[in-house]
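To start, the structure itself, in structure tokens.
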Amino acid sequence: MTTSRAEYCVVACADAWRGNGEVLASPMGLIPSVGARLAQRTFAPDLLLTDGEATLVGADGTPEGWLPYRRHLAMVTGGRRHVMMGAAQLDRFGNQNISCVGDWQRPARQLLGVRGAPVNTLNHPVSYWIPRHSPRVFVARVDMVCGVGYDSAAAAGPSATRFHRIPRVVSDLGVFDFATPDRSMRLASLHPGVTVGEVTAATGFPLAVPDDVPYTREPTPAELRLIREVIDPEGLRAREVAG
């Protein structure tokens, strides 16, 4: 059985937590959740996961501890958390919008609101998961800054840049980072079957594209077994990313 696009997305999300050590992983979305659990079961055994509320859980979902709100906030503000959020809009410097589309005073569409995005991005690593890569999401300029990007953090000064870091963006087309001199978005890898042209056509701003773009790594046989038989045996991942 060949590796599906959703499974490439899972391992790309999992790799966001590689080398993080004992931090709280907060995946938002089905594929990031499968990825975080895969990471915990393989190369990141110290990763902390919760049931979405106040209980720390093991790799099999067994309760292992209690995480009261005050302790959760201490981890957030102390840099011991790595969240993978979604985005209604994301620009070339990593500014994220989940609040509204259009002028915030008279928005064309009201979304979730700013919520914890500013605190997240200024205090601990934040990655992003975009299940449908399109120019409507990858925009030249977000309508409202919720999650703080590299240019916005730099403009705010050292207090904003001290802990600010966006390790990666994963979409259904590839993996992106900000490893460029001006901290603009770079195409880091293509999911197999995707071309550079497809990515640039689906992106609403100029991407930094290396001369030689690698493919997203293949999952190991052990990782595929865990994804298919243990973590997501019902195949729900295919509902989020087809193909």
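The values are calculated or read from the model by the stated rules, or taken from the named source; none is laboratory data. These figures come from a predicted structure and were not determined experimentally. For the accessible areas, the whole protein counts, side chains as well, though only heavy atoms, and no ligand, DNA or RNA atoms are used. Shrake-Rupley method; radii C 1.70, N 1.55, O 1.52, S 1.80 Å.
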Notebook entry, point to check: When the Karplus curve 6.51 cos²θ - 1.76 cosθ + 1.60 is applied with θ = phi - 60°, which whole-Hz ³J(HN,Hα) does each residue of the range 163-173 get, with x for Gly and Pro?
Noted result: 10, 6, 7, 10, x, 6, 10, 10, 10, 6, 10
Checklist line | Reference-scaled alpha-carbon Rg (2.2 N^0.38 Å with N residues) for the chain | finding: 0.99
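Express the carbon and sulfur contribution to the solvent-accessible surface of the chain as a percent, rounded to the nearest whole number, probe 1.4 angstrom. Before the final figure, lay out the partial values.
Values: 6130 of 11660 Å².
For the chain, the apolar C and S fraction of the accessible surface comes to 53 percent.
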Checklist line | Nearest-10 value in Å² for the accessible area of Ile231, using the 1.4 Å probe | finding: 20
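As an exercise, find the ratio Rg/Rh for the range 97-224 from alpha-carbon atoms, using the Kirkwood inverse-distance average for Rh.
Values: Rg = 15.8 Å, Rh = 16.0 Å.
Taking Rh as the inverse mean 1/r over Cα pairs, Rg/Rh reads 0.99.
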Next item on the list: Report the accessible area of Thr200, computed with a 1.4 Å probe over the heavy atoms of all protein chains in place, in Å² rounded to the nearest 10.
Entry: 60
Check: Using alpha carbon centroids, what distance separates the range 138-193 and the range 81-115, in Å?
Finding: 14
Check: What is the set of long-range amide H partners of Val57 at a cut-off below 5 Å, with H atoms built 1.01 Å from backbone N?
Finding: Leu49, Thr50, Asp51, Glu64
Checklist line | Solvent-accessible surface (1.4 angstrom probe) belonging to Ser159, in square angstrom, nearest 10 | finding: 100
Margin query: Let me check against my output: what whole-number percent is the relative contact order of the range 1-132, with C-alpha pairs under 8 Å and at least 6 apart?
Written below: 21
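Could you work out the relative contact order of the chain? I mean the mean sequence separation of Cα pairs under 8 Å and 6+ apart, divided by the number of residues, in percent.
21
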Next item on the list: Convert each backbone phi in the range 25-35 into a coupling constant with the Karplus relation 6.51 cos²θ - 1.76 cosθ + 1.60 (shift: θ = phi - 60°), then list the ³J(HN,Hα) values in order as whole Hz, x for Gly and Pro.
Entry: 8, 10, x, 10, x, 5, 5, x, 5, 5, x
Next item on the list: Roll a 1.4 Å probe over the protein chains and send me the accessible area per residue for the chain in Å².
Entry: 48
Checklist line | Whole-Hz ³J(HN,Hα) from phi, Karplus 6.51 cos²θ - 1.76 cosθ + 1.60, for the range 37-42, glycine and proline x | finding: 5, 5, 4, 5, 7, 10
